[in-house]
1. Considering each residue of the range 69-109, count those that are loosely packed, with under 13 Cβ neighbours inside 10 Å and either under 30 Å from Leu206 (Cβ atoms) or hydroxyl-bearing (Ser, Thr, Tyr) (or both), and give that number.
2. In the range 19-67, how many residues are more than 30 Å from Glu127 (Cα to Cα) and touching an Asp or Glu at 6+ places or on another chain (Cβ under 6 Å)?
3. Any idea which residue in the range 250-272 is farthest from Asp96 (Cα to Cα), counting only those that are under 22 Å from the mean Cα position of the chain (by Cα) and in a helix (DSSP H, G or I)?
4. Please indicate, with yes or no, whether at least one residue in the range 246-258 is of a type in the set (Ser, Thr, Tyr), surrounded by 11 or more Cβ atoms within 10 Å (Cβ to Cβ) and out of contact with any Asp or Glu (no Cβ under 9 Å at 6 or more places or on another chain).
5. Taking the range 184-209, which residues are assigned to a helix (DSSP H, G or I) and under 27 Å from Val227 (Cα atoms)?
6. I want to confirm something. Restricting to the range 3-53 and keeping residues that are assigned to a loop (DSSP other than H, G, I, E, B) and of a type in the set (Gly, Ala, Ser), which single residue is farthest from Val83 (Cα to Cα)?
7. Which residue, of Glu16, Glu44, is farther than 30 Å from Ser152 by Cβ, modelled with pLDDT of 95 or more and not β-branched (Val, Ile, Thr)?
8. In the range 209-258, which residue that is closer than 30 Å to Thr39 by Cα and of a type in the set (Ser, Thr, Tyr) is modelled with the highest pLDDT?
Amino acid sequence: MLTPEQAQDIATHLVELARAGGASAADAMLVADMSSSVTVRLGELEDVSRSEGQEVGLRVFAGQRSASVASSDFSPEALAGLVERAVAMANEAPEDPYAGLAAAELLLSGAAPDFDGFDPHEPEPAELRAMALRAEMAARGVAGVTNSNGASGSASRSTVALATSGGFAGCYRASGFSVSAGVIAGEGPTMQRDYDYHSARHFSDLDEAEAIGSRAAERAVARVGPVKPDPGRYPVLFDPRVSSSLLGHLSGAINGAAVARGTSFLLERLGERVFAPGITVRDEPHRPRGLRSRPFDGEGLP
């Protein structure tokens, strides 16, 4: 996988090529990643996979016109062709009065915040397999569990580099580790299934595999024999898994593109309360070891 220095050099060089090729402004984001996973079921190895990938995206502007292209080929010839196509596309694109790079005064300046999101530990397949086996064994040991959907252990790492013609250049690395398990409880038409998982930036922060397996089993067993409630008005409680999806709907609704196109359900509702008074939503992109933390966004803003 590319080193941070290599990734930054490619992104910066691509922006320089775009400017030399006729773009009035440009930015490039490169992402290189690697992942591995091991899956077991009923105590036997079921799947082992490993993947590596890299891609660079280039956005160019011709005045108020813009175009975006991407490539996984970083050869000099491919990058030159990428720039040529992007500039040609931008010249034919419709004008957008809001198109442009982020203002220079908004960009991250100085050293990037350290969110401690990279763990150099790279577990071997045998270690991932052992975690998956421990999770499944713990799940199958819970009374009421009758079958297994399998368990897995995985690890990933990525390098992200961004360069803009406005003078921004930044790069960071991130890692991720996870363990999951899924089981079936009950018999025949009463069977129920559920799962549990845990993900962390650092390997040492992962929950114990046995705890993850036990939680998966307990959730599956608890679903057996559901009772239909009497008609009435009841408070609605959202499981934490569901609450995260609610935030996803919110972030999608306040996305600039959705608002500009008039497709947001919150259109024309600026200043109105969306959630109950007791709920506060905070954006903390620099939270140490946060799964979604990063030092800057796709335009170089902190």
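The values are calculated or read from the model by the stated rules, or taken from the named source; none is laboratory data. Since this is a predicted model, take the numbers as computed values, not measurements. For neighbour counting, all protein chains shown are included, and Cβ atoms are generated from backbone atoms with ideal geometry for every residue, glycine included.
1. 4
2. 3
3. By that ranking, first place goes to Leu250.
4. Checking the range 246-258: at least one residue is of a type in the set (Ser, Thr, Tyr), surrounded by 11 or more Cβ atoms within 10 Å (Cβ to Cβ) and out of contact with any Asp or Glu (no Cβ under 9 Å at 6 or more places or on another chain).
5. Quick first cut of the range 184-209, residues assigned to a helix (DSSP H, G or I) only: 188-190, 203-205, 209.
Passing the criteria: Gly188, Pro189, Thr190.
6. Of the range 3-53, the ones assigned to a loop (DSSP other than H, G, I, E, B) are 3, 21-24, 42-43.
Now narrow it down to the ones that are of a type in the set (Gly, Ala, Ser): 21-24, 43.
Values: Gly21: 7, Gly22: 9, Ala23: 9, Ser24: 13, Gly43: 51 Å.
So the residue we want is Gly43.
7. Details: Glu44 fails: farther than 30 Å from Ser152 by Cβ.
Exactly one of Glu16, Glu44 is farther than 30 Å from Ser152 by Cβ, modelled with pLDDT of 95 or more and not β-branched (Val, Ile, Thr), namely Glu16.
8. Ser214
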